[in-house]
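Student: Quick one: this structure, given as structure tokens, is what I'll be asking you about.
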Amino acid sequence: MNTTQYLDIILKELNKTVHLIADEDAEILVNRILESKKIFTAGAGRSGFMAKSFAMRMMHMGLDAYVIGETVTPNFEKEDLLIIASGSGETKSLVSMAEKAKSIGGTIAIATIFPESTIGKSADIAIKLPGSPKDKTQGDYSTIQPMASLFEQTLLLFFDAVILRFMEKKGLNSDTMFGRHANLE
């Protein structure tokens, strides 16, 4: 099989994922973002990269959005939202982070393959995304892709869709967002 045939299969897999995400959960997340004072994102590995890209787009929309672990990240408070990206919902550092954020009184959201995971059970908002975990004996979605690639790709596209919904609700467009784009590159 050649590279473009693999790409075609990947796109077909991603096309199937959209119908497996509960729109009601996505809308709850969008509304909570609108209500939050500050929004924080966290994730490990490639899921963490997707969370970082989401924080970047929220910043472009004028939100106070931060990535946990960066040196310029402020403190988390009761009016804040922590969005965790974790396929398993069991990554120890993210579990600890969710517990601490919960003890502070903020809102916890997770995008995960397993909403019944440790973080999923403690989260205020749990969005189930299809995907195949690293351990292929778990999960309910098959893929030709290695490891958790399908989840991570779905995560990026889901976060971009959340941005579009937020833009629609706030009357924003790309021109507005470009005004906040980095200009010292």
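The values are calculated or read from the model by the stated rules, or taken from the named source; none is laboratory data. What you see is a predicted model; the values in this text were computed from it and never measured. Don't worry about glycine lacking a Cβ; one is built from the backbone with ideal geometry, like all the others, and counts go over all protein chains shown.
Student: Would you point out the residue of region 150-167, among those that are charged (D, E, K, R) and closer than 21 Å to Leu11 by Cβ, that is surrounded by the most Cβ atoms within 10 Å (Cβ to Cβ)?
Tutor: Taking region 150-167 first, the residues charged (D, E, K, R) are 152, 160, 165.
After this cut, where a residue has to be closer than 21 Å to Leu11 by Cβ as well, the list is 152, 160.
Values: Glu152: 22, Asp160: 14.
Of everything passing the filter in region 150-167, Glu152 is surrounded by the most Cβ atoms within 10 Å (Cβ to Cβ).
Student: Mind checking which residues of region 145-166 are among the aliphatic types (A, V, I, L, M) and on the phi < 0 side of the Ramachandran plot? Even if it seems obvious, please write down each step before you answer.
Tutor: First, pick out the residues of region 145-166 that are among the aliphatic types (A, V, I, L, M): 147-148, 150, 155-157, 161-164.
Those that are among the aliphatic types (A, V, I, L, M) and on the phi < 0 side of the Ramachandran plot: Ala148, Leu150, Leu155, Leu156, Leu157, Ala161, Val162, Ile163, Leu164.
Student: Also, I was wondering about something else. Within region 58-96, count every residue that is outside any loop (DSSP other than H, G, I, E, B) and either out of contact with any Leu (no Cβ under 7 Å at 6 or more places or on another chain) or of a type in the set (Gly, Ala, Ser) (or both).
Tutor: Adding up the residues that qualify gives 15.
Student: Ok, one more. Can you find a residue that is in a strand (DSSP E or B) and farther than 22 Å from Arg180 by Cα anywhere in region 134-156?
Tutor: Looking through region 134-156, none of the residues is in a strand (DSSP E or B) and farther than 22 Å from Arg180 by Cα.
Student: For region 14-34, check the following and say yes or no: at least one residue is outside any helix (DSSP H, G or I) and over 19 Å from Ile119 (Cα atoms).
Tutor: So the first thing to find is which residues in region 14-34 are outside any helix (DSSP H, G or I), and the list is 21-22.
Filter once more, so that each one left must be over 19 Å from Ile119 (Cα atoms): none.
The answer is no; no qualifying residue exists.
Student: Let me ask something else about it. Only one residue in Lys170, Lys100 is surrounded by fewer than 18 Cβ atoms within 10 Å (Cβ to Cβ) and at pLDDT 95 or above, so which one is that?
Tutor: Lys100
Student: Could you please let me know if Ile21 is farther than 26 Å from Met177 by Cα, in contact with a helix residue (DSSP H, G or I) (Cβ under 8 Å, 6 or more places away or on another chain), in contact (Cβ under 8 Å) with a residue 60 or more places away in the chain and of a type in the set (A, V, I, L, M, F, W, C)?
Tutor: yes
Student: Could you check Gly69 against (1) at positive phi; (2) touching an Asp or Glu at 6+ places or on another chain (Cβ under 6 Å) and say which number it fails?
Tutor: (2)
Student: Continuing with the same structure: So is Gly139 at pLDDT below 95 and surrounded by 17 or more Cβ atoms within 10 Å (Cβ to Cβ) or not?
Tutor: yes
Student: From Lys38, Lys52, Lys128, Lys121, grab the single residue that is free of Cβ contacts under 8 Å to residues at least 24 places away in the same chain, surrounded by fewer than 21 Cβ atoms within 10 Å (Cβ to Cβ) and closer than 25 Å to Arg165 by Cβ.
Tutor: After applying the criteria, what remains is Lys52.
Student: In this structure, is Ser142 without any contact (Cβ under 8 Å) to a residue 12 or more places away in the chain and more than 24 Å from Met56 (Cβ to Cβ)?
Tutor: yes
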